[in-house]
Ligand SMILES: C[S@@+](CC[C@H](N)C(=O)[O-])C[C@H]1O[C@@H](n2cnc3c(N)ncnc32)[C@H](O)[C@@H]1O
């Protein structure tokens, strides 16, 4: 009888428990701050931290109307899910790339558990807030509902939201309210040695820098890159021709992040010569004097021919005399062809870094310009209506350069772009992998923002991205098939899985409904079968995968067991069973597989508490660490 009270845990369908994890960590570190209700006593925490806490009233920092709501937006759990769409995907079964159609705030929330600390590079190109671009209206209590309205999934008509105009009294605040929660959630996904690159222009660059200082930490600022985006100045500009955009880069942790060095260009290589046939190989020389004051940098040196040299007035040697003599003895001082010129320091190619560190000025000759990006887009998408060519599209070469700096070719690095637009980042990942034989993977998120004029099969920017990336896949697959080079191997992960944001497959108990007989009864009825109508086993499977913290490309194997079906995830680490009628035989067979975790449908037990208790016991004895029902 005692066994009948045993219950599996309920899988929390509303959790993306990042904040809860942080609170739990604080409670672990400072047990004295736990209040009776298991909450956190902030005053005691301040005492525990002692002098490390700044209790002054005036603080340096950034504030704007709506900032407090941003925290609620971050903490409000997503009630959405990502439904797989194999019919819109390319090579669904083999690819590890993802294109998610939907609002990126919801998508970032849904990805939190499965991709926490796994992303090597994030590149985003958010709306610049020029006054013409659309800023997504987040409402923290109804964020998914807003999206469903937008895409016409609740109203018959999809609702167009307006642009954020200058006339709006909250012009910058709206943009900041949109960006803050997204950057906050994105940071959680970055690896310790990862970095984020953000395209922006002068409309919001100063706000973006301050925002990033707050989210990523000022100490993690790496650089602001200037991208020369036009190939000829705009003489029609009223004051200045705006020739560049910025790309702001922050590391998740500067101590752990290093850029991949870029190959030394031919010109740089040619600077290394060997006129004195030095056995250490080619070298280049640099000035040994500088204007910087150096107390030990004023002395005279004599060449072999007896000529005396000292720094010009106001200059100093960059090394002290004893160091100079040591370098000279080691043949590292160059006195010129004739042995009697101003001495210079030799730097050997064999001793300098393998490649060159990236510079902050990126010229269009190397990374492309806006006209190039539009041409690329037209080439791959084949628009009938050029109005649809969005202005903000970036050249693939630009994103490729970011990826060269931020990723290792063969480490399976994940690249995330949650403002994917027309798919440039996905294109760049595939193209770079094809060039260097790499195995980088991408995750792109894009809103189905309507095109100005729908045309053959293309209604939204998300459609454009899918068409472009599938054509890139076609092109690269053909090239790979024709090539015998090792680097162009077919395992290059050519394809993408499409997922679409939708309401959760499970109707959740709505605690907000008025506690009146009629509404409560209606809610109870809705809850009897709590799987949303029209949802397929695959929909449920991927939702459970995310809730259980597995990436969306985890291998899943469908197996027959005791006359029923189960899904073995990640080689059997997790078993998911979506059977509506569970049997003891099936439970025993699942337990015999010795999975770490098991998830079953609650209705599978059909109210049979004895069977449920047996399941808990059976799994426990076979070492299953977590058994949950939904
Ligand atoms: C500047 S464009 C990106 C262009 C992209 N880099 C390219 O080369 O095509 C920004 C994109 O973000 C999308 N976007 C805006 N708000 C979004 C949201 N809340 N969720 C997902 N995408 C969003 C817009 O539809 C737009 O296509």
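In segment 90-122, what residues are assigned to a loop (DSSP other than H, G, I, E, B) and surrounded by fewer than 21 Cβ atoms within 10 Å (Cβ to Cβ)?
91, 92, 93, 94, 95, 96, 116, 117, 118
Whether any residue in segment 41-51 is touching a helix residue (DSSP H, G or I) at 6+ places or on another chain (Cβ under 6 Å), part of a helix (DSSP H, G or I) and at pLDDT below 80 is what I want to check.
No, the conditions are met nowhere in segment 41-51.
Looking at (1) farther than 30 Å from residue 92 by Cβ; (2) touching a residue at least 60 places away in the same chain (Cβ under 8 Å), find the lone condition where residue 611 falls short.
Of (1) farther than 30 Å from residue 92 by Cβ; (2) touching a residue at least 60 places away in the same chain (Cβ under 8 Å), only one is false for residue 611: (2).
In segment 424-443, which residues are touching a strand residue (DSSP E or B) at 6+ places or on another chain (Cβ under 6 Å) and closer than 18 Å to residue 369 by Cα?
425
Looking at this structure, is residue 296 over 30 Å from residue 366 (Cβ atoms) and in a helix (DSSP H, G or I)?
Answer is no for this residue.
Are any residues in segment 303-320 touching a residue at least 24 places away in the same chain (Cβ under 8 Å) and either in a loop (DSSP other than H, G, I, E, B) or within 53 Å of the chain's Cα centre (by Cα) (or both), and if so, which ones?
Of everything in segment 303-320, those that are touching a residue at least 24 places away in the same chain (Cβ under 8 Å) and either in a loop (DSSP other than H, G, I, E, B) or within 53 Å of the chain's Cα centre (by Cα) (or both) turn out to be 303, 304, 305, 307, 315, 316, 317, 318, 319, 320.
On the given criteria, is residue 23 closer than 18 Å to residue 419 by Cβ and either away from the ligand (no atom under 16 Å from the Cβ) or surrounded by fewer than 20 Cβ atoms within 10 Å (Cβ to Cβ) (or both)?
no
Which members of segment 99-120 meet the condition of being more than 14 Å from the ligand (Cβ to nearest atom) and touching a strand residue (DSSP E or B) at 6+ places or on another chain (Cβ under 7 Å)?
The answer is 117, 118, 119, 120.
Those residues that are under 18 Å from residue 124 (Cβ atoms) and assigned to a loop (DSSP other than H, G, I, E, B), I need them from segment 246-261; list them, please.
252, 257
Condition first: in a helix (DSSP H, G or I) and in contact (Cβ under 8 Å) with a residue 24 or more places away in the chain. Can you find one or more residues in segment 559-577 that meet it?
no
Could you please find all residues in segment 394-418 being surrounded by fewer than 24 Cβ atoms within 10 Å (Cβ to Cβ) and either over 21 Å from residue 360 (Cα atoms) or within 13 Å of the ligand (Cβ to nearest atom) (or both)?
Within segment 394-418, 397, 400, 409, 410, 411, 412, 413 meet the criteria.
If residue 588 satisfies every condition in (1) assigned to a loop (DSSP other than H, G, I, E, B); (2) touching a helix residue (DSSP H, G or I) at 6+ places or on another chain (Cβ under 8 Å); (3) surrounded by fewer than 19 Cβ atoms within 10 Å (Cβ to Cβ) but one, which is the exception?
Going through (1) assigned to a loop (DSSP other than H, G, I, E, B); (2) touching a helix residue (DSSP H, G or I) at 6+ places or on another chain (Cβ under 8 Å); (3) surrounded by fewer than 19 Cβ atoms within 10 Å (Cβ to Cβ) one by one, residue 588 breaks only (1).
Among the numbered conditions (1) surrounded by fewer than 19 Cβ atoms within 10 Å (Cβ to Cβ); (2) in contact with a helix residue (DSSP H, G or I) (Cβ under 6 Å, 6 or more places away or on another chain); (3) farther than 18 Å from residue 504 by Cα; (4) at pLDDT 80 or above, tell me where residue 75 comes up short.
Going through (1) surrounded by fewer than 19 Cβ atoms within 10 Å (Cβ to Cβ); (2) in contact with a helix residue (DSSP H, G or I) (Cβ under 6 Å, 6 or more places away or on another chain); (3) farther than 18 Å from residue 504 by Cα; (4) at pLDDT 80 or above one by one, residue 75 breaks only (3).
Among the residues of segment 345-377, write down those that are away from the ligand (no atom under 16 Å from the Cβ), free of Cβ contacts under 8 Å to residues at least 40 places away in the same chain, farther than 30 Å from residue 327 by Cβ and under 27 Å from the mean Cα position of the chain (by Cα).
366
Could you please find all residues in segment 402-423 being under 19 Å from residue 375 (Cβ atoms) and touching a residue at least 60 places away in the same chain (Cβ under 8 Å)?
Within segment 402-423, 421, 423 meet the criteria.
Looking at (1) within 16 Å of the ligand (Cβ to nearest atom); (2) closer than 24 Å to residue 110 by Cβ, can you tell me which one residue 441 breaks?
Going through the list (1) within 16 Å of the ligand (Cβ to nearest atom); (2) closer than 24 Å to residue 110 by Cβ, residue 441 breaks only (1).
If you check residue 429 against the conditions, is it modelled with pLDDT of 95 or more, within 15 Å of the ligand (Cβ to nearest atom), under 22 Å from residue 188 (Cβ atoms) and part of a strand (DSSP E or B)?
no
Pairs under 6 Å by beta carbon, first residue closer than 15 Å to residue 80 by Cβ in segment 124-149, partner modelled with pLDDT under 85 and more than 10 Å from the ligand (Cβ to nearest atom), six or more apart or different chains?
What qualifies is 146/139; 148/154; 149/155; 149/159.
Determine whether segment 276-285 contains at least one residue that is in contact with a helix residue (DSSP H, G or I) (Cβ under 8 Å, 6 or more places away or on another chain), surrounded by 10 or more Cβ atoms within 10 Å (Cβ to Cβ) and touching a residue at least 60 places away in the same chain (Cβ under 8 Å).
There is no residue in segment 276-285 that is in contact with a helix residue (DSSP H, G or I) (Cβ under 8 Å, 6 or more places away or on another chain), surrounded by 10 or more Cβ atoms within 10 Å (Cβ to Cβ) and touching a residue at least 60 places away in the same chain (Cβ under 8 Å).
Which condition number does residue 87 fail, the rest of (1) part of a helix (DSSP H, G or I); (2) at pLDDT 90 or above; (3) under 25 Å from the mean Cα position of the chain (by Cα) being met?
Against the list (1) part of a helix (DSSP H, G or I); (2) at pLDDT 90 or above; (3) under 25 Å from the mean Cα position of the chain (by Cα), residue 87 comes up short only on (3).
Name the helices (runs of 4 or more DSSP H) wholly within segment 451-549 that hold at least 3 residues that are at pLDDT 70 or above and under 27 Å from residue 606 (Cβ atoms)?
Where helices (runs of 4 or more DSSP H) fall fully within segment 451-549 and carry at least 3 residues being at pLDDT 70 or above and under 27 Å from residue 606 (Cβ atoms), they are 537-547.
For segment 128-245, give me every one of the helices (runs of 4 or more DSSP H) that falls completely inside it and has 3 or more residues that are within 12 Å of the ligand (Cβ to nearest atom) and surrounded by 15 or more Cβ atoms within 10 Å (Cβ to Cβ).
143-150, 171-189
When segment 332-373 is examined, which residues are found to be within 25 Å of residue 406 (Cα to Cα) and surrounded by 17 or more Cβ atoms within 10 Å (Cβ to Cβ)?
Within segment 332-373, 349, 358, 362, 364, 367, 368, 369, 370, 372, 373 meet the criteria.
Which pairs have Cβ atoms under 7 Å, sit 6 or more apart or on different chains, and link a residue in segment 174-185 that is in contact (Cβ under 8 Å) with a residue 12 or more places away in the chain and farther than 12 Å from residue 140 by Cα to one that is outside any helix (DSSP H, G or I) and more than 13 Å from the ligand (Cβ to nearest atom)?
If the second residue must be outside any helix (DSSP H, G or I) and more than 13 Å from the ligand (Cβ to nearest atom), the pairs left are 174/168; 176/64.
Checking residue 72 against (1) free of Cβ contacts under 8 Å to residues at least 12 places away in the same chain; (2) assigned to a helix (DSSP H, G or I): exactly one of these is not met. Which one?
Just one mismatch for residue 72, condition (1).
The values are calculated or read from the model by the stated rules, or taken from the named source; none is laboratory data. Remember, it's a predicted structure, so these values are computed and weren't measured experimentally. Here Cβ is always computed from backbone atoms with ideal geometry, including for glycine, and neighbour counts include all displayed protein chains.
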